Amino acid sequence: MLILGQSPFGEDETTGSIMEKSNFQHKNIQGPLAKILQQTRSLIAFHKDIGLSYPLTPKIKNFLGSFGTDIGRKDKSLKKTAKKKQTVPPIRPAIILSDVRRELGDCTRCPLHESRKHLIFGSKDVAQVPLFIVCDPPTRENEKSEKPISGEAEKLLLKMIAAIGLNQENVYITNIVKCCPPEDRSATAQEIGTCQPFLVRQIEAVSPKIIYALGPLAGRSLLKTEAPLLRLRGKFHEFHGINLIPSYHPEFLLRHPDMKKPAWHDLQMIQRKIASLNV
Ligand code: SF4
């Protein structure tokens, strides 16, 4: 049983290996060299996930690309977003989620509609809840289950919010874009920008005290910054007068158990903030 205020992750999981443990093999590369290559790729992917970037030569990008990663392609899009003038309308009161869903309709406003199977609006309708959770774009797995987060990642998220005394009734969960990008690529700045007015309307409808932004894109796109998640997490920012805390996506935490410790720190900050706001 989970005891309120205890880490949902357990001690051993907060000190595991950073490296992903998959059975990687590539073409004729095997043995110790394959292992080194796998670890290098995992480490660079890990840096990408926490928002650290550094120049890679075209040769290295091609090499990493041959393993099906988009490491080399990130993330000029956010640069554009950061430079763009703030166009998000101010939060206004007195709308409900079903109004926003109706406004969104069978949306074709950005290219993501072309490859989607389902538009994922958010978790079940609520009136007003203290915690608004916004995740990075939905994946194919999320799309299949028609949920903003699913599978083991959803289970972990529910454990995380239970650890701070919340449950599905007092949180609302959605994504920064409502359609899954093709081939599980990242969403572009244009796609995020096109969808964002509806996210803002959802926030307006739910009127939360805290926004918990999960993943490298979620917090950065709302805060209009290029700063890495590593630097954004661990503190509250302000989004239209609402406390916003960026943190790691549960999917990422499953792959990188070492990062559960800072994630638990962020959750405890939310718990203290909710207590101080008396909600
Ligand atoms: S991602 Fe958003 S803006 Fe783009 S098609 Fe889907 S609902 Fe419309």
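Can you tell me how many residues in region 255-278 are part of a helix (DSSP H, G or I) and under 20 Å from residue 153 (Cα atoms)?
Filtering region 255-278 down to residues part of a helix (DSSP H, G or I) leaves 255, 257-277.
In the following step, the residues that additionally are under 20 Å from residue 153 (Cα atoms) were identified as 255, 257-268, 270.
Number of matching residues: 14.
Checking residue 177 against (1) within 21 Å of residue 120 (Cα to Cα); (2) in a helix (DSSP H, G or I); (3) modelled with pLDDT of 95 or more, which test does it fail?
Condition (2) is where residue 177 drops out.
Specify which of the listed residues (81, 108) is out of contact with any Cys (no Cβ under 9 Å at 6 or more places or on another chain) and either at pLDDT below 95 or surrounded by 18 or more Cβ atoms within 10 Å (Cβ to Cβ) (or both).
Working: 108 fails: either at pLDDT below 95 or surrounded by 18 or more Cβ atoms within 10 Å (Cβ to Cβ) (or both).
Result of the check over 81, 108: 81.
If I go through region 90-105 residue by residue, how many of them are assigned to a loop (DSSP other than H, G, I, E, B) and within 14 Å of the ligand (Cβ to nearest atom)?
As a first pass, look at region 90-105 and keep what is assigned to a loop (DSSP other than H, G, I, E, B): 90-96, 105.
Those left that are additionally within 14 Å of the ligand (Cβ to nearest atom): 105.
Of the residues in that region, 1 qualify.
How do the pairs read when you match residues in region 221-247 that are under 9 Å from residue 211 (Cα atoms) with residues anywhere that are part of a helix (DSSP H, G or I) and among the small types (Gly, Ala, Ser), using Cβ under 6 Å and keeping only pairs 6 or more apart or on different chains?
246/219
Suppose we keep only residues that are of a type in the set (D, E, K, R) and in a loop (DSSP other than H, G, I, E, B) within region 106-143. Which one would you say is nearest to the ligand (Cβ to nearest atom)?
Keep residues of region 106-143 that are of a type in the set (D, E, K, R), which gives 106, 109, 114, 116-117, 124-125, 136, 140-141, 143.
Those still in the list that are in a loop (DSSP other than H, G, I, E, B) too: 106, 109, 116-117, 124-125, 136.
Details: 106: 9, 109: 4, 116: 6, 117: 12, 124: 18, 125: 17, 136: 13 Å.
Among them, the one singled out is 109.
Out of all the residues in region 240-254, which are surrounded by 21 or more Cβ atoms within 10 Å (Cβ to Cβ), among the hydrophobic types (A, V, I, L, M, F, W, C) and in a strand (DSSP E or B)?
Passing the criteria: 244, 245.
The values are calculated or read from the model by the stated rules, or taken from the named source; none is laboratory data. These figures come from a predicted structure and were not determined experimentally. Note that each Cβ is placed from the backbone with ideal geometry, even for glycine, and that neighbours are counted across all protein chains shown.
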